[in-house]
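Read the structure below first, then the notes.
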Amino acid sequence: MSIVIFTAVNLLPGDFATQILGQGATDEAVASIRKDLGLDQPAVARYFGWLAGTLQGDLGISFAQMNFQSNLGGTQLTTVADQIAPRFANTMFLAGVTATIAVPFAISLGILTALFRNTAFDRAMNIGTLSSISSPEFFLAYILILFLAVLNPVFPSLSNIFSDMSFSDRLNKTMLPALTLTLVVTAHMMRMTRAAIINLMASPYIEMARLKGLSPMRVIVKHALPNALAPIINVIALNLAYLITGVVVVEVVFVYPGIGQLFVDSVKIRDLPVVQACCLIFAAAYILLNLLADVLSIISNPRLRHPK
Amino acid sequence: MTDTLLKVRGLKIEGRSDETWNPIVNGINLDLKKGEVLGLIGESGAGKSTVGLACMGFTRDGCRISGGEVEFDGIDLVNASAAVKRGLLGKRIAYVAQSAAASFNPAHKLIAQHTEAPTQHGVSSRAESEEDGVELYRRLRLPDPENIGFRYPHQVSGGQLQRAMTAMAMACRPDLIVFDEPTTALDVTTQIEVLASIRDIVEQFDTAAIYITHDLAVVAQMADRIKVLLKGDEVEEADTRTMLSAPTQDYTKSLWAVRSFQRPAKPKPAEDAVPVVSVQNVTAGYGKSAMVLHDVSFDIHEGRTVAVVGESGSGKSTTARCITGLLPPVEGSISFAGESLPLDYRRRSKDQLRQAQMIYQMADTALNPRKSIGEIIGRPVEFYLGLKGKAKRDRVNDLLNEIELEPGEYFHRLPSELSGGQKQRVGIARALAAEPKFIICDEVTSALDQLVAEGILKLLAHLQDTLNLSYMFITHDLATVKSIADEVVVMKEGRVVEQGPKAEMFVPPHHPYTDLLLSSVPEMDPDWLTDLLAERGVDNIGDAAVDKM
């Protein structure tokens, strides 16, 4: 994984030196910056240097920081870890708020559409969620800003949060991006819930539950849902991973200081240590969430929990 | 009013397929008194289950009641609202499904599913119904009744699940229970135990029941009256003894006569004859730890049928996998016509592979649904015999003729366009296509109706006579053994407990396990179960008896 990230990042055209100096750079200036940053070393040496540092918890120092500091003669260097930490916390906060709203919302909608399947309600919900997942994120974001910030000023349209804000202020400012992301991720989870439940409705134990005279709601929630959990959990994990790694557009629209913005800015100036660290975090998020999903799937299945 | 509990008049049910409604049931009448047991019998597609469910006011998705009336204790179930029906289902009318393993929710413990109906219908509290559940488990003679309810369905055996499901149906002490083939999926020794338990508890609580099955001998033990169905129509109805002794309709008589097919015994093979297949001291297992087969040996001679019988899990199919080389044995040897075969099929020559073919239990899953019948049979013809073009087509046509399917009509059909019996015939033709000496038939008739199964057995017998084939016939059905076997091998827990010529095997004295198997096969005598229980006692039948050995 680390090799893939390192190679991909190094394949980007140009490097930090050419980007920062622009078109009129002299070869000497480029070479000097490269020398300062260690970019004159062969790629393999740089990879192992980076890998060794990362394994010891040292993600390195941002090129931008190094360059800035050395030019001004400063001594206090901010590490990549220090740079990423607050941004990552913000991203996790946004993902957390979104998940808290979206997951129960999507699962409830999935259950309701399965219960009233093929009715007008079911169709309306499917059309609604599919339209929201099909629209570009910035479009959804501006629609929400229009209705919830401009016409009815419920939430602020800018989400520039700071570390010393109170929790309620943060929550208030985070609401609009969270709602936008909710609209983006709901369709996937809702439709999987609906499909997984409907898939089970023909099974003999559901027929048995109906023949016990149970209400349709109880049949679905008590008899179908527990057996449909595994696919639903997996889709939730996939969407949570997306919330951590793929929300650049929404962050930009709402000026939300998350890790996505940092990532894009760093790619622009070829700030390799930061880019690599972000990639590693994204990869780790995917792996950990999928691992968690697998563990939860096993826990939700009595056959795996209690072997014969 | 009389004591009529259920009254069905002119019941018509339609099923939806290809955008049109086709009749499934065409006007059935049915009366059931309180405490009475009615047997519904017929072949698959006769509409038994559909009628049974309609008696509960329920139709499966894609079906609808298109006419007639169903009246339960004065309540019109056809026009009743969903809420009224929900109030009755589970409380006054209960259902016992064919496959308890599939009909228990895998996500909940047995007792939680047991208490659901009583608590939801407000009949009793959770604690009360749990206590009652334990009592019912005890009455149904489930082992460890106090704790078995706290297991998940997958932790309990099939026969035990079926009894737990009967207990669940009894939870609200309903007036009517619909039993939909409750013992069809069980071994004979397990079946007898479940039958005895069901009959007992239905009598104890004076519950009326509709007992659906395709097995005449079973229904004879359970029902007061029998109704015979054929393709959605009623054939006849009479009380059990009259029906068994004097059926009036030809169809019923043909059902009764199915078990009469019997092949004449063949002379014993010569002492020095080389067996076609010889299994010697085979021990095999899956993975490294547990061995499934222990020291299994038997011979199969030319032109003869060896029936391997035993319950599920006794190692019958594993033996077949060892012979075909799919599962190389850990110890022992397999030889073919005196020549020792490599144990792994990958090291056998094409000719060695050709000589032994297999026919499977589920013709549905054993035939590639995307290939036409001609392609399915043509593949081994080309692979083993190297025939192409017209020669291949002629050979396939010959094979289709041999299995009594008209080539012109069936060559281009897909498996989904055939009936169950026809699919099994195609399976036979595919095995014959390789021109083998030896065919393993793995439960080939278990999934078929009796009349169809008889046709398949006759075909196999005919092919054996004309082509001098040897069969290894895996089955759990002793009636099948009686009709076509020359030799019998009885297996239990991966060991051969007894083997010998058929004539000797059906005459005592037996190994106790063989004796138990033989005595557990229901007979067409309404007193059979009662007599057997009186003779052996409830503790000496079924799994309990197996465990004692």
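For segment A:82-305, taking Cα atoms only, what is the radius of gyration to one decimal and the Dmax to the nearest whole Å?
Over segment A:82-305's Cα set, Rg and Dmax evaluate to 19.8, 66 Å.
Can you list the HN-Hα couplings for segment B:172-185, worked out from phi with the Karplus curve (6.51, -1.76, 1.60; θ = phi - 60°), rounded to whole Hz and with x for Gly and Pro?
9, 6, x, 7, 9, 10, 9, 9, 9, 6, x, 10, 4, 8
Treating only the Cβ atoms of Lys and Arg (+1) and Asp and Glu (-1) as charged, compute the dipole magnitude of segment A:2-58 about its Cα centre; round to the nearest 20 debye.
140
Starting from the Cα gyration tensor of segment B:350-478, take the square roots of the eigenvalues, sort them a ≥ b ≥ c, and report rounded, prolate or oblate (rounded when a/c is under 1.5, otherwise prolate if a/b is larger than b/c, else oblate).
oblate
B:Arg393: net charge of surrounding residues, Cβ under 14 Å, Lys/Arg +1, Asp/Glu -1, itself excluded?
Result for the local shell: +1.
Based on DSSP, what percent of beta bridges with both residues in segment B:277-507 are antiparallel, to the nearest 5?
50
Compare the Cα positions of A:Ser166, B:Ala447, B:His511 along the charge dipole of the protein assembly as shown (+1 at Cβ of Lys, Arg; -1 at Cβ of Asp, Glu; about the Cα centre) and return the one farthest towards the positive end.
It is A:Ser166.
Starting from 0.36 nm per residue, how many nanometres of slack lie between A:Met92 and A:Arg123 once their C-alpha separation is accounted for?
Length gained between A:Met92 and A:Arg123: 7.8 nm.
Could you list the residues of segment A:8-27 with an amide nitrogen less than 14 Å from a label point located 7 Å from the Cα of A:Ala283 in the Cα-to-C-beta direction?
Counting backbone N atoms under 14 Å from the label point, the list is A:8-11.
Work out, in µm²/s and without decimals, the Stokes-Einstein translational diffusion coefficient of chain B at 4 °C, 1.567 mPa s, Rh from Kirkwood over C-alpha pairs.
Translational D for this selection: 51 µm²/s.
Distance in nm between label sites at A:Asn199 and B:His462, each 7 Å beyond Cα in the beta-carbon direction?
Those two pseudo-labels are separated by 4.5 nm.
What does the charge count near A:Leu12 come to, summing +1 for each Lys or Arg and -1 for each Asp or Glu among other residues with Cβ under 12 Å from its Cβ?
Net charge around A:Leu12: 0.
Select from A:Pro42, A:Pro156, A:Pro273 the residue whose mean-square fluctuation is largest in a Gaussian network model of chain A (Cα-Cα springs shorter than 10 Å).
Of A:Pro42, A:Pro156, A:Pro273, the Gaussian network model singles out A:Pro42 as fluctuating most.
For segment A:2-58, I need the span (max minus min coordinate) of the C-alpha atoms along each principal axis, in Å, sorted largest to smallest.
That gives 38, 20, 18 Å along the principal axes, largest extent first.
In terms of the Cα gyration tensor, with a ≥ b ≥ c the square roots of its eigenvalues, is segment B:281-417 rounded because a/c is under 1.5, prolate because a/b exceeds b/c, or oblate?
Cα axes put segment B:281-417 in the prolate bin.
I'd like the trypsin sites (Lys or Arg not before Pro) in segment B:336-407 restricted to DSSP loop residues with at most 14 other Cβ atoms within 10 Å, sorted by number.
Here the trypsin sites (Lys or Arg not before Pro) that fit, given the DSSP loop and packing criteria, are B:Arg370, B:Lys371, B:Lys388.
As a quick test, which of the pairs B:Lys371/B:Lys437; B:Lys33/B:Lys231; A:Lys212/B:Lys227 have an alpha carbon distance above 29 angstrom in this structure?
None, as every Cα separation is 29 Å or less.
For the protein assembly as shown, what % of the accessible area comes from carbon and sulfur atoms, probe 1.4 Å?
Within the protein assembly as shown, the accessible surface is 56 percent carbon and sulfur.
Between Rg and the Kirkwood Rh of the protein assembly as shown, both from Cα atoms, what is the Rg to Rh ratio?
Here Rg/Rh amounts to 1.08.
Note down the net charge around A:Val80, summing +1 for each Lys or Arg and -1 for each Asp or Glu among other residues with Cβ under 14 Å from its Cβ.
Value of the local net charge: -3.
Might you tell me the accessible area per residue for the protein assembly as shown, computed with a 1.4 Å probe and given in Å²?
Spelled out: the 1.4 Å probe surface of the protein assembly as shown, per residue, equals 44 Å².
What nm value, rounded to one decimal, do you get for the distance between A:Arg305 and B:Gln352 when each label is placed 7 Å out toward the C-beta?
4.9
If the chain between B:Ala479 and B:Thr248 were fully stretched, how many nm would it gain, using 0.36 nm times the residue separation less the Cα-Cα distance?
80.7 nm
Would you mind giving the total buried accessible surface between chains A and B, with a 1.4 Å probe and ligands, DNA and RNA left out, rounded to the nearest 100 Å²?
Looking at A and B, the buried total is near 2400 Å².
For segment B:34-75 and segment A:94-135, what is the centre-to-centre distance using only Cα atoms, to the nearest Å?
Result: 38 Å between the Cα centres.
A drop of at least 20 square angstrom in accessible area, chain alone versus all protein chains together, probe 1.4 Å. Which residues of segment B:56-82 meet that?
B:Phe58, B:Arg60, B:Asp61
With loop defined by DSSP as not H, G, I, E or B, and exposure as at most 13 other Cβ atoms within 10 Å, which is the longest segment of chain B clear of exposed chymotrypsin sites (Phe, Trp or Tyr not before Pro)?
B:287-549
Amide H to amide H, which residues 5 or more places from B:Val488 or on other chains are under 5 Å from it, using H placed in the peptide plane?
Those lying under 5 Å, H to H, from B:Val488 are B:Ala307, B:Gly500, B:Lys502.
Show that you can apply the helix-only estimate: for chain B, add -39,500 (n - 2.57) for every DSSP H stretch of four or more residues, divide by all residues, and state [θ] at 222 nm to the nearest 500.
Rounded to the nearest 500, the figure is -11000 deg cm²/dmol.
With the Cα gyration tensor of segment B:169-239 giving a ≥ b ≥ c as the square roots of its eigenvalues, does the rule (a/c under 1.5 for rounded; else a/b larger than b/c for prolate; else oblate) give rounded, prolate or oblate?
It is oblate, given that a/c is not under 1.5 and a/b is not larger than b/c.
Using protein chains only (no ligands, no nucleic acids) and a 1.4 Å probe, work out which residues of segment A:289-308 have their accessible area cut by at least 20 Å² relative to the chain alone.
A:Pro302, A:Arg303, A:His306, A:Lys308
Among all the aspartates and glutamates, which ones have a C-alpha under 18 Å from B:Lys350's C-alpha, if same-chain residues fewer than 8 places away are not counted?
B:Glu339, B:Glu382, B:Glu435
What FRET efficiency comes out for the pair A:Phe167/B:Phe150, r = Cβ-Cβ distance, R0 = 45 Å, nearest 0.05?
After rounding to 0.05, the efficiency reads 0.55.
Can you give me the C-alpha center-to-center distance between segment B:466-510 and segment A:217-269, rounded to a whole angstrom?
62
Report the one residue of B:Ala217, B:Ala534, B:Pro328 whose Cα lies farthest in the direction of the positive end of the charge dipole of the protein assembly as shown (charges on C-beta: Lys and Arg +1, Asp and Glu -1; origin at the Cα centre).
The listed residue farthest towards the positive side: B:Pro328.
I'd like the antiparallel share, as a percent to the nearest 5, of DSSP beta bridges with both residues in the protein assembly as shown.
Antiparallel bridges make up about 55 percent of those DSSP assigns within the protein assembly as shown.
How large is the charge dipole for chain A, taken about the Cα centre, if only the Cβ atoms of Lys, Arg (+1) and Asp, Glu (-1) carry charge, to the nearest 20 debye?
Charge dipole, chain A, about its Cα centre: 1720 debye, nearest 20.
Mind giving me the FRET efficiency for A:Asn152 and B:Lys231? R0 is 56 Å, r the Cβ-Cβ distance, nearest 0.05 is fine.
It comes out at approximately 0.25.
Comparing the chain by itself with all protein chains present, which residues of segment B:106-132 are at least 10 Å² less accessible (probe 1.4 Å)?
When all protein chains are present, B:Pro106, B:Ala107, B:His108, B:Gln113, B:Glu116, B:Ala117, B:Gln120, B:His121 each give up 10 Å² or more of accessible surface.
Can you compute the label reach from B:Ser416? Point 7 Å from Cα along the Cβ direction, backbone N cut-off under 13 Å, restricted to segment B:365-383.
Residues B:368-372 qualify, since their backbone N sits under 13 Å from the label point.
What are the ³J(HN,Hα) values, in whole Hz, obtained from phi via the Karplus relation 6.51 cos²θ - 1.76 cosθ + 1.60 with θ = phi - 60°, for each residue of segment B:334-341 in sequence order, with x given for Gly and Pro?
10, 10, 10, 6, x, 9, 6, 9
Rounded to the nearest 0.05, what FRET efficiency is calculated for B:Asp527 and B:Glu71 with R0 set to 45 Å and r the Cβ-Cβ distance?
Once rounded, the FRET efficiency stands at 0.85.
Just want the answer: with Cβ charges of +1 for Lys and Arg and -1 for Asp and Glu, which residue in B:Phe298, A:Leu179, B:His412 is farthest toward the dipole's positive end in the protein assembly as shown?
My answer, from the dipole projection, is A:Leu179.
How far apart, in nm, are two points set 7 Å out from the Cα along the Cα-to-Cβ line at B:Leu451 and at B:Arg9?
Between B:Leu451 and B:Arg9, the label points sit 3.1 nm apart.
Charges at C-beta only: +1 for Lys and Arg, -1 for Asp and Glu. How large is the resulting dipole of the protein assembly as shown about its Cα centre, in Debye rounded to 20?
Its charge dipole is roughly 1880 debye.
The values are calculated or read from the model by the stated rules, or taken from the named source; none is laboratory data. Since this is a predicted model, take the numbers as computed values, not measurements. All Cβ positions, even for glycine, are placed from backbone atoms using ideal geometry, and neighbour counts span all protein chains on display. Quick note on the areas: whole protein, heavy atoms, side chains included, nothing else; ligands and nucleic acids left out. Shrake-Rupley method; radii C 1.70, N 1.55, O 1.52, S 1.80 Å.
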